[in-house]
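Have a look at the structure below before the remarks.
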Amino acid sequence: MQRLQGRVAVITGAGSGIGLATARRFAEEGAHVVCVDLDEPSGSSAAAEVGGLFVKADVTSESDVIRMYQTAFDTYGSVDIAFNNAGISPPDDDSILETGLDAWRRVQEVNLTSVYLCCKYAIPYMQRQGKGSIINTASFVAVMGSATSQISYTASKGGVLAMSRELGVQFAREGIRVNALCPGPVNTPLLRELFAKDPERAQRRLVHIPVGRFAEASEIAAAVAFLASDDASFITGSEFLVDGGISGAYVTPL
Ligand SMILES: NC(=O)c1ccc[n+]([C@@H]2O[C@H](COP(=O)([O-])OP(=O)(O)OC[C@H]3O[C@@H](n4cnc5c(N)ncnc54)[C@H](O)[C@@H]3O)[C@@H](O)[C@H]2O)c1
């Protein structure tokens with residue numbers, strides 16, 4: 001499929017995981033991909049692999065965010081797709097009773113303030129073009145409570161969800177679509193390592209997933225490519241769940 005032929009896509013957190021899988025998928029579908037990451041080796045290797053452009057930027061920095069869209073525009077002539085995906089879930093973000101203010105604030109900055117900045121500075125390009133698609137990465141924990149808490153992470157993703165909905169509504173008549181992507185747990189190297197060490201911890205989570213496994217990053221990327229494309233032309237302001245049925249489940253199959 002070449003649904004994104006000639007479109008310019010800016011992906012934050014493109015060096016790893018969901019961002020990397022999406023950079024690959026966007027490039028396969030014909031987009032010019034701007035790979036943004038704080039980590040230079042992984043970001044530049046992603047850009048090289050997909051024949052795109054690497055921009056080293058910290059998404060919590062206003063000047064970095066302004067610069068990354070300016071660079072995308074100067075290089076390719078438009079900003080058609082913004083996939084605001086960079087995020088963290090550090091171990092010191094835990095139960096509310098354990099989580100300190102520093103950890104709380106760091107996670108809010110990287111996961112929520114960054115999405116505010118990325119939307120704030122992508123939208124004016126899209127207004128001038130009269131079209132654009134923004135996909136903000138939230139999580140299934142934005143719509144469900146977890147007893148294995150990461151309190152600032154969950155609150156940040158709830159913020160991403162509410163902000164995306166509001167922006168989707170506000171800019172709908174200017175041809176700009178804004179959706180929140182809510183992935184379920186994804187099979188990443190970190191997750192594999194964690195669960196290999198502690199099978200009980202893995203089982204506690206797997207039991208809630210009707211499909212019976214974690215997602216592959218490429219499955220999340222496929223949903224992002226759909227939301228970015230004109231196939232999703234009537235989808236905006238949505239909480240787009242790609243969660244293997246977790247949020248719909250009461251009793252799961254044995
Ligand atoms: N992996 C999952 O199970 C899962 C589930 C639901 C939602 N999510 C969300 O999906 C997104 C991507 O997750 P992932 O698992 O692919 O993560 P990842 O850790 O594999 O990749 C995140 C990338 O973001 C970059 N990054 C971190 N802070 C940055 C900053 N300040 N500026 C620029 N880049 C920065 C990192 O260098 C890294 O390359 C995150 O928002 C995460 O919360 C992940």
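Summary of computed values
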read-out	value
Candidate set: region 76-91, residues that are closer than 24 Å to PRO185 by Cβ and out of contact with any Gly (no Cβ under 8 Å at 6 or more places or on another chain); chosen: the one most open to solvent (accessible area, probe 1.4 Å)	PRO91
Residue count, region 198-242 (criterion: within 30 Å of GLN170 (Cβ to Cβ), away from the ligand (no atom under 16 Å from the Cβ) and either open to solvent by 40 Å² or more (accessible area, probe 1.4 Å) or part of a helix (DSSP H, G or I) (or both))	8
Members of region 243-254 that are part of a helix (DSSP H, G or I) and either in contact with a Ser or Thr (Cβ under 9 Å, 6 or more places away or on another chain) or surrounded by 12 or more Cβ atoms within 10 Å (Cβ to Cβ) (or both)	ILE246, SER247
For ALA47: the one exception among (1) open to solvent by less than 70 Å² (accessible area, probe 1.4 Å); (2) within 9 Å of the ligand (Cβ to nearest atom)	(2)
Region 5-39, residues that are open to solvent by less than 10 Å² (accessible area, probe 1.4 Å), among the hydrophobic types (A, V, I, L, M, F, W, C) and in a helix (DSSP H, G or I)	ALA23, PHE26
Hey, GLY130 without any contact (Cβ under 8 Å) to a residue 24 or more places away in the chain, more than 10 Å from the ligand (Cβ to nearest atom), within 30 Å of SER233 (Cβ to Cβ) and not β-branched (Val, Ile, Thr) or not	no
Residues within region 50-68 that are out of contact with any strand residue (DSSP E or B) (no Cβ under 6 Å at 6 or more places or on another chain) and surrounded by fewer than 23 Cβ atoms within 10 Å (Cβ to Cβ), tallied	10
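The values are calculated or read from the model by the stated rules, or taken from the named source; none is laboratory data. Here the structure is a predicted model, which is why all the values come from computation and not from measurement. Don't worry about glycine lacking a Cβ; one is built from the backbone with ideal geometry, like all the others, and counts go over all protein chains shown. Remember, those area values only see protein heavy atoms, side chains included, never the ligands or the DNA or RNA. Shrake-Rupley method; radii C 1.70, N 1.55, O 1.52, S 1.80 Å.
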